[in-house]
Amino acid sequence: MNDVITVNIYNWNCYKNGYQMALDVLNNELVLNLLSSASAPNWVLIPNLVLGATTGGYTVFNPALNGCAEQPVVGHQIKLGDDPTPFGAAAYCWTLWPAGESADVQLYAIQDSTRGPAMDASGSSCDANTPVLFWGWNGGDNQRWIIAPVS
């Protein structure tokens, strides 16, 4: 994933249980919704290098809403920042780390630039509008994501 790419981002916990819950936005906060009902399901991954970080990563940009996933304080819901080009800003840099495979599907952890806290579907819920939190990495299925290119 070295180039800019348009994707849908599915939560693995929901996907394996038969629900295509995709990363979406409600009231400027990240949530899960069924892909068919998501208001802004497509995301663009833009390479982002942060000075002093242990690795580079990606800005997770939503073109429909012209904003990027911004890392809040740990334990809070992730918001959509209004700056569409925060390249080099650690609060907008997400690393994508392989987090296992299942039935030939690559799973990813979507973490901050230090490989610390991660995107987390709150309470492992698969309900519509489940909040997506910035939570300490624990390796749970609710913190694993499928990143599927949109053609």
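The values are calculated or read from the model by the stated rules, or taken from the named source; none is laboratory data. None of these values were measured; they are calculated from a predicted model. All Cβ positions, glycine included, derive from the backbone under ideal geometry; neighbour counts span all protein chains shown.
Of note:
- Counting the residues of segment 91-104 that are in a strand (DSSP E or B) and either surrounded by fewer than 15 Cβ atoms within 10 Å (Cβ to Cβ) or out of contact with any helix residue (DSSP H, G or I) (no Cβ under 8 Å at 6 or more places or on another chain) (or both) gives 8.
- Odd one out for S151 among (1) exposed (fewer than 14 other Cβ atoms within 10 Å of the Cβ); (2) within 17 Å of L45 (Cβ to Cβ); (3) touching a Leu at 6+ places or on another chain (Cβ under 8 Å): (3)
- Scope segment 20-45; condition touching an Asp or Glu at 6+ places or on another chain (Cβ under 8 Å) and either surrounded by fewer than 23 Cβ atoms within 10 Å (Cβ to Cβ) or of a type in the set (V, I, T) (or both); matching residues: V31, N33, A38, S39, A40, P41
- For the criterion of being at pLDDT 95 or above and either outside any strand (DSSP E or B) or closer than 14 Å to W12 by Cα (or both), G88 fails.
- Any hit, segment 109-119, residues being touching a residue at least 60 places away in the same chain (Cβ under 8 Å) and closer than 20 Å to P63 by Cα: yes
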